[in-house]
1. Going by the structure shown, is ILE57 crowded, with 17+ Cβ neighbours inside 10 Å, modelled with pLDDT of 95 or more, of a type in the set (Val, Ile, Thr) and out of contact with any Asp or Glu (no Cβ under 8 Å at 6 or more places or on another chain)?
2. Any idea which residue in segment 18-39 is surrounded by the most Cβ atoms within 10 Å (Cβ to Cβ), counting only those that are under 16 Å from the mean Cα position of the chain (by Cα) and within 16 Å of the ligand (Cβ to nearest atom)?
3. Answer yes or no as to whether ALA71 is in contact with a helix residue (DSSP H, G or I) (Cβ under 8 Å, 6 or more places away or on another chain) and either farther than 16 Å from ILE54 by Cβ or modelled with pLDDT of 95 or more (or both).
4. Out of (1) at pLDDT 95 or above; (2) within 14 Å of the ligand (Cβ to nearest atom), the odd one out for ILE12 is which?
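The values are calculated or read from the model by the stated rules, or taken from the named source; none is laboratory data. Being a predicted model, the structure only gives us computed values, none of them experimental. Glycine gets a Cβ as well: all are built from the backbone with ideal geometry, and neighbour counts include every protein chain shown.
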Amino acid sequence: MPDLGDLYQQLIIDHNRNPRNFRRLEDANRMASGDNPLCGDRIQLFLKVEGGTITDIGFQGSGCAISQASASLMTQAVLGKSTEEAEALFRAFHEMVTGPRDKAPDRQLLGKLAAFAGVRDFPARVKCANLPWHTLKAALQGAEEPVTTE
Ligand code: ZN
C-alpha cells in the first residue's frame with residue numbers, strides 16, 4: 001500500500017474491508033464492467049438512472065485495496081447525483097490522480113474522494129483508482145463492451 005497519509009490510508013483500508021453498496025442491483029438499467037489487467041482488478045457496476053439522476057448504485061468486484069475502496073467511495077459519492085454531477089466528479093477525480101502535483105485537488109467538490117490524491121505519485125496505482133470511474137462513465141454512456149484500462 002502506497003503511503004497516502006494516515007487518515008486517508010485508514011479510509012481506504014476501511015472501504016476495502018467494508019465496501020459500501022457492494023451488491024448486484026436486480027433492477028439496474030445501466031451496467032458496465034471494468035478490468036485492469038495490470039493489477040488484476042475487476043469491477044462490475046450496476047446503476048439505476050431515473051430522470052437523469054442516479055437513484056441507486058451497486059458494485060461487485062475483486063482486486064487490490066485501492067481499486068475496491070475507490071469503487072466503494074465512488075458509489076457513495078455519486079448516489080443521488082445527476083449524471084452531469086457524476087461526470088463532473090469523474091473529471092475532477094481524473095484530474096486529481098493524473099494532473100500536475102502542484103495543482104491542489106478541489107476538496108470541496110471531491111470530499112472523501114480526495115483520499116486518492118496521493119495516488120498520482122504511484123503511476124501503477126492510478127489505473128486501480130481510476131478503474132471504477134471509467135466503468136461508471138461507460139455505464140452512463142450505455143456502453144455494452146467491457147472497459148479496460150489498457
Ligand atoms: Zn489494483
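1. Considered against the rule, which asks whether it is crowded, with 17+ Cβ neighbours inside 10 Å, modelled with pLDDT of 95 or more, of a type in the set (Val, Ile, Thr) and out of contact with any Asp or Glu (no Cβ under 8 Å at 6 or more places or on another chain), ILE57 comes out as yes.
2. GLY34
3. In short, yes.
4. All conditions pass for ILE12, except number (1).
The rows are residues; the columns are (1) within 16 Å of the ligand (Cβ to nearest atom); (2) without any contact (Cβ under 8 Å) to a residue 40 or more places away in the chain; (3) not aliphatic (A, V, I, L, M).
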{"position": "ASP6", "(1), (2), (3)": "no, yes, yes"}
{"position": "ASP41", "(1), (2), (3)": "yes, no, yes"}
{"position": "ASP56", "(1), (2), (3)": "no, yes, yes"}
{"position": "SER72", "(1), (2), (3)": "yes, no, yes"}
{"position": "GLN76", "(1), (2), (3)": "no, no, yes"}
{"position": "SER82", "(1), (2), (3)": "no, yes, yes"}
{"position": "ALA92", "(1), (2), (3)": "no, yes, no"}
